[in-house]
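Read through the structure below, which is laid out as structure tokens, and then see the notes.
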């Protein structure tokens, strides 16, 4: 590898860049905005996007999909594929939060109709009109 992804010759890493690199947020701007709006906490306190990340730190993060509790296991300076990114944090989310999420997922409705179900086709509408006598 031309550049070492683990330390990159650096010893400092901003929180927003770390959250983006481990793929909890799609963009670094979203990660920074989450920090600014109080959706990222360290030891129960809101943190700034510029906070330096250290291995062993534990963060509570609210994303659109779920609440995360992660422990930093390594520093990642560049965004990599998901299978690599998960090696740099440990998911310590409580079991009841994961169960709550799975319960919500089963009752979550996206608004998208299932295939072959929903609006009738033109032929079905004609058949219904004939049946109703219109």
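We did not get these values from a lab; they are worked out from the coordinates using the rules stated. Being a predicted model, the structure only gives us computed values, none of them experimental. Here the Cβ is made from the backbone with ideal geometry for all residues, glycine too, and neighbour counts use every protein chain on show.
Order these peptides, 81-88, 27-34, by their mean beta-carbon neighbour count within 10 angstrom, highest first.
Values: 81-88: 12.2, 27-34: 17.2.
My ranking of the peptides, most packed first, is 27-34, 81-88.
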Bounding extents of region 1-95 in its principal axis frame from Cα atoms, largest first in Å, are 37, 28, 23
Using 0.36 nm per residue of separation minus the Cα-Cα distance, give me the extension gain between residue 45 and residue 80 in nm, one decimal.
-> 9.7 nm
Counting other beta carbons within 10 Å of each Cβ, put 58, 11 in order, fewest first.
-> 11, 58
